[in-house]
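A short reminder: the numbers here are calculations on the coordinates, not readings from a lab. Because the structure is predicted, anything quoted here is derived from the model rather than measured. Positions of Cβ are generated from backbone atoms using ideal geometry, with glycine treated the same way; all protein chains shown enter the neighbour counts.
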Amino acid sequence: MADVAGGRTRSELALRVVSALVLIPFALFVVHQGGVWLAVGSALFAGVMAFEWCRMAGQRPVWLAVPVLAVINLAFFAAPAAWVCGALGVFALIFGALHGRGFALGAFGMMYAGGLPFALQVLREGGPWDGQAAALILMAIVWASDSGAYFAGRGFGGPALSTDSPNKTWSGALGAVICSVLSGAIAAGIEDADLTTWLLFGAAISVVAQAGDLFESQIKRQFGVKDASGLVPGHGGVMDRVDGLGAVCVLAVAAFLAAPGLVESLGFQE
């Protein structure tokens, strides 16, 4: 039995590595390039996430949700962020009225599926800060947090972090925070910025990313599904991979706009 469990773990890890080798270079490329490349990448992710949400929630019309969310994210290349955000909100209201399974649920689903990739675009392109550095470094810290959670959780086990996610443990959560704090220290050196601010910011990134992950786990539990889809081998769906990063992007944009001094302390000033 132990050999079978060990074989499954190795097989799962291999799938996760292969998927990461495909997704990470793609994400790094579009974020590094920005502009139309990022808009196209965000449109692709938004369309896939719209499909995954409709699949989980059993909501229709999928044929409307997928292209509209993709086009809205693509429009950020040529339109102000406020216009794109307004278009996303209007479509969410329309979709909530159309699908007939609860207005609030439908509207939230479209804001969630379309808003996470949009937040990454705003972080990269839409603020008075070095968006390229901010987006790439925050992505790297979120991935470090995910890796720390996976390996610490597998290695040490222990009590579950949440009943909605029995595979997530307190040891994994602590490993995630430690990896994020260490990544924050590296980021402080790269940006020649305040070390204490980066240590705290790194820890905050991990907490927010894990909260985003747990939030989606609760959503999936309510819908009675294990994964948003099976499009990403070893990970589930696209939504399962970007939930934490999306939450980090949303709160980072809000924090940078509300506290310009934080941008300077992190070394992201233009």
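Before rounding to the nearest 500, sum -39500 (n - 2.57) across all DSSP H runs of length at least 4 in the chain and divide by the residue total; then give [θ] at 222 nm in deg cm²/dmol. Don't skip to the end; give the middle numbers.
Working: 10 runs with 213 residues, N = 270.
It comes out at -27500 deg cm²/dmol, rounded to the nearest 500.
Taking the Cβ of VAL225 as the center, what net charge do the other residues with Cβ under 10 Å away carry, scoring Lys and Arg +1 and Asp and Glu -1? Present the calculation step by step, with values, prior to reporting the outcome.
Values: positive: ARG55, LYS220, ARG221, LYS226; negative: GLU52, ASP227.
Combined, the nearby Lys, Arg, Asp and Glu give +2.
Got a sec? How would LEU199, LEU38 order by Cβ neighbour count within 10 Å, fewest to most? Show your work: numbers first, answer last.
On the way: LEU199 18, LEU38 26.
Taking fewest neighbouring Cβ atoms as first place, the list is LEU199, LEU38.
Kyte-Doolittle cut-off 1.6, length cut-off 24 Å along the helix's own axis using Cα: show which whole DSSP H helices in the chain pass. Intermediate results must be reported in sequence, preceding the final value.
Numbers: long enough: 2-33 (46 Å, 0.98); 35-57 (32 Å, 1.27); 81-98 (25 Å, 2.18); 103-125 (32 Å, 0.99); 131-156 (37 Å, 0.92); 170-191 (31 Å, 1.48); 195-223 (42 Å, 0.61); 238-258 (29 Å, 1.73).
Span-like helices, by this rule, are 81-98, 238-258.
Placing +1 on the Cβ of each Lys and Arg and -1 on the Cβ of each Asp and Glu in the range 129-270, which of TRP198, ALA144, GLN269 has its Cα farthest towards the positive end of the resulting dipole?
Positive-most Cα among the choices belongs to ALA144.
Dipole size in debye (nearest 20) for the chain around its Cα centre, Lys and Arg Cβ +1, Asp and Glu Cβ -1? The partial results should precede the final answer.
Details: 13 positive and 17 negative charges, 204 e Å.
In total the dipole reaches around 980 debye.
Using the 10 angstrom Cβ neighbour count as an exposure proxy, how do GLU52, GLU270 rank, fewest first? Provide the component values of the computation, followed by the final result.
Working: GLU52 24, GLU270 9.
So the residues, fewest neighbours to most, are GLU270, GLU52.
For the residues PHE256, PHE29, PHE151, what sequence is obtained by ranking on other C-beta atoms within 10 Å, fewest first? Numbers along the way, then the final one.
Details: PHE256 21, PHE29 12, PHE151 15.
Going from sparsest to densest Cβ surroundings: PHE29, PHE151, PHE256.
Could you tell me the ratio Rg/Rh of the range 34-126? Both radii from Cα atoms, Rh via Kirkwood.
Working: Rg = 12.2 Å, Rh = 12.7 Å.
Reported Rg/Rh (Cα atoms, Kirkwood Rh): 0.97.
Can you tell me which of SER162, SER183, SER229 moves the most in a GNM of the chain? Springs connect C-alpha atoms under 10 Å apart.
Sorting by GNM fluctuation, first place goes to SER162.
If N is the number of residues in the range 171-270, what value comes out of its Cα radius of gyration divided by 2.2 N^0.38 Å? All intermediate terms of the calculation are to be shown ahead of the outcome.
Details: Rg = 15.6 Å, N = 100, 2.2 N^0.38 = 12.7 Å.
Working it through for the range 171-270, the quotient is 1.23.
Under the rule of at least 5 residues apart or a separate chain, name every residue whose amide H is placed under 5 Å from the amide H of THR169.
LEU161
Would you compute, for the Cα atoms of the chain, the largest minus smallest coordinate along each principal axis and list the three values in descending order, in whole Å?
50, 48, 29
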